[in-house]
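Below you'll find the structure, written out as structure tokens, and then a few comments.
The values are calculated or read from the model by the stated rules, or taken from the named source; none is laboratory data. For clarity, every value in this text was computed on a predicted model and none was experimentally measured. Cβ atoms come from the backbone with ideal geometry, glycine included; neighbour counts cover every protein chain shown. The protein model used for the area step is the full one, side chains on, heavy atoms only, and it has no ligands, DNA or RNA in it. Shrake-Rupley method; radii C 1.70, N 1.55, O 1.52, S 1.80 Å.
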Amino acid sequence: MVTEKRTVLLVGGAGYVGSVITGHLLRKGWHVRCLDQLIYKNESCAWPYLSVPQYEFMQGDIRDPRFANKALKGVDDVVILAGLVGDPITSKYPDESHAINRNGVASFIDAMQHHPVDRLIFVSTCSNYGLVEVDTAVDENYPLAPLSLYAKHKVEMEQKILGLKGKAGFHPTVLRFATAFGLSSRMRFDLTVNEFVRELHLGKELLVFDPNTWRPYCHVRDFARAIEEVLRAPTSKVAFEVFNVGCEENNFTKLMVVEEIMRHIPRSKVTYQERGADPRNYRVNFDKIRRVLNFTPEISVQQGISEILAALSQGLFDHVEEQRHFFGNYEIFLPTALIPDLKRAG
Ligand SMILES: NC(=O)c1ccc[n+]([C@@H]2O[C@H](COP(=O)([O-])OP(=O)(O)OC[C@H]3O[C@@H](n4cnc5c(N)ncnc54)[C@H](O)[C@@H]3O)[C@@H](O)[C@H]2O)c1
């Protein structure tokens, strides 16, 4: 438990990862305030916490300084998760991505400088490594080669934050998350492990592009533990530091993910195709977070697969197709009043 009463602002806290972090930090004694525009009509993600006195929800856009300043009032620490997340949604909505993931996040960080915030955790992505040609797992110092608009904006924001050394009153940390898997109240079935499990559970034929490409994976509950570790760590260990978050054991090729699912569903029909639209291929080294923060994820890809299969077989996700917009990042819903701002911001 946290010994003193600390309030953490989760920006984008009603999303897939944020919903799990919320529950975790509330259980550990934090006060949690969530600022989220609910762009996937994901208001139900706040519902489980509304009866918790230490939880506060604010609907609002990070681009709007009125919401940013209101949300920042009285908070100790900030975690930025908000944005359009993933390569497909950012290439579908490039103007919105530019306005939110780049200009919106940047203006929010500028607004933070007018508030006595202690820490900032910026959640970035291992996608920033892009296509890694070497046959080694890359660490935080490996040159970044973002391939998508999504990763390019993440890299820009990382650089902005790390460039604040000596200028900002707060202590920032950049966390490059592996690809997430596992259950959340905002379940995303557009992420590799979750998607493959559901498709094969439904008995569909699965088409897998570039089966031998590597990717690191990490369970959403382990991400929540990582956020807790960074919030608790002495600032001397985490300020202006970048950490990859995940573990080597969860570096998997897509073929390996399919093989694990087929242990449960052996007669699945899977076809493989080379040269898909997504050339990312990277194995990641997680020594730094283990060494500096003594953090290791606890949940394997195999356990995650079992967990998702158990939920699917209990009928908990029988209505995904009827609410497709909620169960993946396919389509966004922004208030029309904010659309003109987009054009200016872009
Ligand atoms: N899911 C993954 O596999 C993964 C991997 C690496 C890094 N990350 C990072 O983790 C973070 C969370 O990802 P996620 O999977 O939970 O995504 P998500 O899409 O489920 O959640 C994003 C949240 O941000 C909110 N949001 C979007 N634009 C907003 C705006 N303008 N103002 C306020 N709120 C806004 C959305 O409503 C949503 O609730 C992101 O920063 C992402 O880049 C995720």
Have a look at 215, 225 and point out the one that is closer than 20 Å to residue 329 by Cα, open to solvent by less than 60 Å² (accessible area, probe 1.4 Å) and within 16 Å of the ligand (Cβ to nearest atom). 215
Assigned to a strand (DSSP E or B), open to solvent by less than 10 Å² (accessible area, probe 1.4 Å) and touching a helix residue (DSSP H, G or I) at 6+ places or on another chain (Cβ under 8 Å): does that describe residue 174? yes
Output for segment 40-64, where each listed residue is more than 23 Å from residue 76 (Cβ to Cβ), within 14 Å of the ligand (Cβ to nearest atom) and open to solvent by 20 Å² or more (accessible area, probe 1.4 Å): 41, 43, 44, 47, 63
Would you tally the residues in segment 18-38 being in contact with a Leu (Cβ under 6 Å, 6 or more places away or on another chain) and within 8 Å of the ligand (Cβ to nearest atom)? 1
Tell me yes or no: at least one residue of segment 90-97 is within 13 Å of the ligand (Cβ to nearest atom), of a type in the set (Gly, Ala, Ser) and touching a residue at least 60 places away in the same chain (Cβ under 8 Å). no
If we only count strands (runs of 3 or more DSSP E) wholly inside segment 55-165, which ones have 1 or more residues that are closer than 23 Å to residue 178 by Cβ and under 18 Å from the mean Cα position of the chain (by Cα)? 77-80, 119-125
Is it the case that segment 99-119 has a residue that's among the hydroxyl-bearing types (Ser, Thr, Tyr), within 13 Å of the ligand (Cβ to nearest atom), open to solvent by 10 Å² or more (accessible area, probe 1.4 Å) and out of contact with any Cys (no Cβ under 7 Å at 6 or more places or on another chain)? yes
Only residues that are away from the ligand (no atom under 15 Å from the Cβ) and within 30 Å of residue 135 (Cβ to Cβ): list them for segment 180-198, please. none
Got a sec? Which of 333, 317 is more than 22 Å from residue 196 (Cα to Cα) and in contact (Cβ under 8 Å) with a residue 12 or more places away in the chain? 333
Within the bounds of segment 256-270, is there any residue that is part of a loop (DSSP other than H, G, I, E, B), open to solvent by 60 Å² or more (accessible area, probe 1.4 Å) and touching a residue at least 12 places away in the same chain (Cβ under 8 Å)? yes
Within segment 181-205, count every residue that is of a type outside the set (Val, Ile, Thr), more than 18 Å from residue 319 (Cα to Cα) and open to solvent by 10 Å² or more (accessible area, probe 1.4 Å). 1
